[in-house]
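The values are calculated or read from the model by the stated rules, or taken from the named source; none is laboratory data. Just so you know, these numbers come straight off a predicted model, no measurement behind them. Neighbour counts are summed over all protein chains in view; Cβ atoms, including those assigned to glycine, are modelled from backbone coordinates with ideal geometry.
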Amino acid sequence: MTKILQSVGRHAENNFILASLILLILFFGLLSDNFFSVITLTTILNQLPALTFVTVGMTLVLIVAGIDLSVGSVMGFCAAVVGVAAVAWGLPLWAACLLGLGTGLICGMLNGLLVAYFALPSFIVTLGMLEMARGLAYLTTGSQTMYIGSKIQSLALPLPGIGVSAALISAIVLVIAAQFVLTRTVLGRYLVAIGTNEQAARMSGIDPRPYRLMVLAVSGALAGIAGIFNAAYLGSADPNAGIGLELSAIAAAVIGGTSLMGGRGSIIGAFAGVLIIAVLQNGLAQIGVSEPTKRIITGAVIIIAVLIDRWRVKHASAS
Amino acid sequence: MTESARLSISSLDKAFAAPVLKGVKLEIAGGEVHAIVGENGAGKSTLVNILAGNLRKDGGEIRLDGSIYEPQGPRDSYAAGIACAAQELSSIETLSVAENISLRALPRKGLAIDRKALNARAIKLVRRVGLQNIDPASPAETLSLADRQLLEFAKAISIDCRLLILDEPTAALTAPQADHLHSIVADLAAAGTSIIYISHRLDDVLSVADKVSVLRDGELVLTASTQQTTIPDLVEAMSGRSQSTSAERRDSVGDARVVLNATDLTTDDLPYATSLVLRSGEIVGLAGLAGAGRSELLSALFGLVPLTGGAVQRIDNGKEQAVLNAGQAVSSGIAFLGEDRQSMGLFRGQSLLINMMVPGSAGLKMLQRIDSKIERSAGAQLVEKLSIRCRDLAQDVRELSGGNQQKALLARWLHRDSDILLLDEPTRGVDVRTKNSIYDLLVSLRQKGKTIFMASSEIEELTTVCDRILVLSDRKLVRSFERSEYSEQAILAAAFSEFTASVARHSPTGSRDASPL
């Protein structure tokens, strides 16, 4: 955990998000006797991978001034495909997972194609995909949760000798890789340029369309991976998996300093947003807050985080 | 000041960064059609905007029928009986033709709009201005450009006004439509309305107006009766000089390899086949009035708009390659600077460094790691070379002054080491010092064998910097001037030539050559 926090601290634009996260952890630690326990930690860590995967995709889409509302449904659909492929068709696990990933990629490419080359708003296209992918998830599973088996659960269980799951490791690797691409490569810079001023990007010789297609395809593929890990976590394919996940992903990205207007965003920041949401959810449950109150507090935290961020940006540019 | 003047303006001043109107004095009688002409940037639009209440004057006095007129906003100008058909079409696309016409005073029945009265009122006006087959209930976006200009006119004459301002009312109209508009103008004037008529079409000006005034660099240099004025008189008054007195910045032109060759190029916006060649080591100017197609031509050369005919060939070391899109243009060494740096160039909210480093140097791979050390030192060198005033490389580009922002955009292409620079108004809105440093930069690039093709609305700028000047008039390339032929007056006359060519007494200044310019 401290390692993660350190890397967050190194890369975050500044330490505001990190400080809030530590404050939250201390707050729950003081209020609850059980917060600093292996069980709490495991619960939090197990929830992380799926949300992390879709949040990274969402952040990339938001940076080019788009949005992907379909990630939750696509994740559910992909989990369903993994379940059907492994159980009904009897495919080996790796093939089922590959099929799940491919399904997400195709959904994302379809989104991207319509947004980039047919000039439709990403909000509308991905809203349509949200409905379609959920419908397909129900159709694929016959609206029933499909038990897959213990084999897939190994992805979500701590690896012997390392102590964390393959799912968590891959999520962290993804965060670091995506942050590198965004801040240190030509590709990342072009994404920021397109999100900041599409016309200026075009007049610099950058055609925005392949990049828009790419980020939505990546977002779909990452939702597919999230579907695999969700199935691994549950040991089964739940057609209801990921309902409302797109909103958590947007919240995490925004808490982490990503602008909905495009051109500004940080993957590490978004990951910190994921951690804040996970800590908040579990911490509130631990201190006995009811489900309705939990939702009220989580919603308020999102708004306050953005307010503070807005104030911070204004203050930084004024000085 | 005469008592009878409808509009009386005295010592009117207005400045933005620099003075735009200087001590303008103008009197217009009731029922008079008064034309105002001048080069781009002479201050015509500013004058109109002050009268329409969109801008506040800095000094001077405006009287309407003897009483002081000081509009605080467009509403005041409307209340004072001033109607304005602006140059930029202002119709709201999603509203109907009738709603657009009556937007300021929609007839009501109770709380709802009285559609019957609205449409009845509109139909009279649209028929009057010559929109014969237009249903007043159809949305404005279904109208053609010419029809929308007529709608703008209908909107302006929908109120009983004392003063009607028409800013380039016939720019998009066909000759019969323009004639019809002029007959309505004559009727309105006969009924006692005073009219300010602004146009680049000097023959129209002389036939429609009673008097004509010439604005030059914000000063009113001539007011005369149109009976006693000729087109050459107006052109001379507008340019102010009969002979060019430009400061020479010329050295020998380098070796003259052709680097870009456009043949019979046409696009949706450039209907007439245009051919030109650009050579290494030269600065070529592109002159023309607003709407003559300067930006459209540069965009077409850069591959930003699809060609409907012809081709643009990039010739690099003997290898020919067609320019098909902007991405390919950049990778073949062509750079582009749009006329509006805010919307077309800057990445606002990003650092100065990022603004200079997109698209970045040639040959970078998408997933290649950017060496921030090398990049920062390259950035620092550019800042020093162009003397960009900034706090540091991380400063938000929004915080830089206009001139420094422009330099940052030029730095972008210097970093790329592009061979051909297509620059649209490279010194728009920058101060004189920055202007001169940009000129010096362009000349030094030319010495290195680079090619610069720059469009400008300031002819003096072109005669100062350029080795030759091409002139666009009404989207046709009409003439090419060599340095020895430079005269601001002749260039301006060429720029006006296609707008006046419809009149037999005035033959076109330059016949189009068969060979590319």
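Do we find a residue being more than 25 Å from the chain's Cα centre (by Cα), over 20 Å from B:L409 (Cα atoms) and within 14 Å of chain A (Cβ to nearest Cβ) anywhere in the range B:303-322?
Yes.
Give just the number: which of (1) surrounded by fewer than 19 Cβ atoms within 10 Å (Cβ to Cβ); (2) more than 8 Å from every other protein chain (Cβ to nearest Cβ); (3) modelled with pLDDT under 90 does B:L400 not satisfy?
Failed condition: (1).
Restrict the check to the range A:265-286 and report whether at least one residue is under 14 Å from the mean Cα position of the chain (by Cα), of a type outside the set (A, V, I, L, M) and surrounded by fewer than 22 Cβ atoms within 10 Å (Cβ to Cβ).
For the range A:265-286, residues under 14 Å from the mean Cα position of the chain (by Cα), of a type outside the set (A, V, I, L, M) and surrounded by fewer than 22 Cβ atoms within 10 Å (Cβ to Cβ): absent.
Look at the range A:194-213 and say how many of its residues are facing another protein chain (nearest Cβ under 8 Å) and assigned to a helix (DSSP H, G or I).
Total meeting the criteria: 6.
Which of the residues spanning the range B:480-509 are closer than 22 Å to B:G240 by Cβ and at pLDDT below 85?
Passing the criteria: B:F499, B:T500, B:H506, B:T509.
Name every residue in the range A:118-147 that is over 30 Å from A:R212 (Cα atoms) and in contact with a Pro (Cβ under 8 Å, 6 or more places away or on another chain), in order of residue number.
A:T141, A:S143, A:Q144, A:T145
Looking at A:R184, is it of a type outside the set (A, V, I, L, M, F, W, C) and either away from every other protein chain (no Cβ under 13 Å) or within 14 Å of B:F347 (Cα to Cα) (or both)?
Taking the combined requirement at face value, the residue does not satisfy it.
Just to be sure I understand, how many residues within the range B:52-68 are part of a loop (DSSP other than H, G, I, E, B), surrounded by 15 or more Cβ atoms within 10 Å (Cβ to Cβ) and free of Cβ contacts under 8 Å to residues at least 60 places away in the same chain?
4
Please work out if B:S418 is in the same structural domain as B:L289 (by TED's automatic domain parsing) and either surrounded by 18 or more Cβ atoms within 10 Å (Cβ to Cβ) or touching a Gly at 6+ places or on another chain (Cβ under 9 Å) (or both).
yes
(1) within 21 Å of the chain's Cα centre (by Cα); (2) surrounded by fewer than 24 Cβ atoms within 10 Å (Cβ to Cβ); (3) small (G, A, S); (4) modelled with pLDDT of 90 or more: which one isn't true of B:G449, the others all being true?
Going through (1) within 21 Å of the chain's Cα centre (by Cα); (2) surrounded by fewer than 24 Cβ atoms within 10 Å (Cβ to Cβ); (3) small (G, A, S); (4) modelled with pLDDT of 90 or more one by one, B:G449 breaks only (1).
This table checks each residue for (1) within 14 Å of another protein chain (Cβ to nearest Cβ); (2) of a type in the set (A, V, I, L, M); (3) closer than 20 Å to B:I334 by Cα.
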position	(1), (2), (3)
B:E375	yes, no, no
B:A394	yes, yes, no
B:K407	no, no, yes
B:G429	no, no, no
B:L441	no, yes, yes
B:R446	no, no, yes
B:K450	no, no, yes
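Of all the residues that make up the range B:384-394, how many are closer than 15 Å to A:V313 by Cα and either crowded, with 16+ Cβ neighbours inside 10 Å or touching a Pro at 6+ places or on another chain (Cβ under 7 Å) (or both)?
Count: 0.
Applying the selection to the range B:332-356, what residues are facing chain A (nearest Cβ under 7 Å), surrounded by 15 or more Cβ atoms within 10 Å (Cβ to Cβ) and on the phi < 0 side of the Ramachandran plot?
B:F336, B:G338, B:M344, B:G345, B:L346, B:F347, B:R348, B:Q350, B:I354
So, B:V305, is that one closer than 23 Å to B:R294 by Cβ, touching a residue at least 12 places away in the same chain (Cβ under 8 Å), touching a helix residue (DSSP H, G or I) at 6+ places or on another chain (Cβ under 7 Å) and part of a loop (DSSP other than H, G, I, E, B) or not?
Yes; evaluated as a whole, the condition is true for this residue.
Quick check on my filter: what residues within the range B:389-431 are in a helix (DSSP H, G or I) and within 20 Å of B:I283 (Cα to Cα)?
Correct list: B:Q406, B:K407, B:L409, B:L410, B:A411, B:R412, B:W413, B:L414, B:H415, B:R416.
Go through the range B:124-148 and give me each residue that's out of contact with any strand residue (DSSP E or B) (no Cβ under 8 Å at 6 or more places or on another chain), in a helix (DSSP H, G or I), closer than 25 Å to B:G291 by Cβ and of a type outside the set (D, E).
If the condition is that a residue be out of contact with any strand residue (DSSP E or B) (no Cβ under 8 Å at 6 or more places or on another chain), in a helix (DSSP H, G or I), closer than 25 Å to B:G291 by Cβ and of a type outside the set (D, E), then B:V126, B:T142, B:L145, B:A146, B:R148 are the ones that fit.
Are there any helices (runs of 4 or more DSSP H) wholly within the range A:64-162 with 2 or more residues that are closer than 30 Å to A:A193 by Cα, and if so which?
Counting at least 2 such residues, we get A:71-87, A:93-117, A:122-141.
Got a sec? Which of A:L168, A:L216, A:L191 is in contact with a Phe, Trp or Tyr (Cβ under 8 Å, 6 or more places away or on another chain), outside any loop (DSSP other than H, G, I, E, B) and either more than 10 Å from every other protein chain (Cβ to nearest Cβ) or over 24 Å from A:Y147 (Cα atoms) (or both)?
Among A:L168, A:L216, A:L191, only A:L191 is in contact with a Phe, Trp or Tyr (Cβ under 8 Å, 6 or more places away or on another chain), outside any loop (DSSP other than H, G, I, E, B) and either more than 10 Å from every other protein chain (Cβ to nearest Cβ) or over 24 Å from A:Y147 (Cα atoms) (or both).
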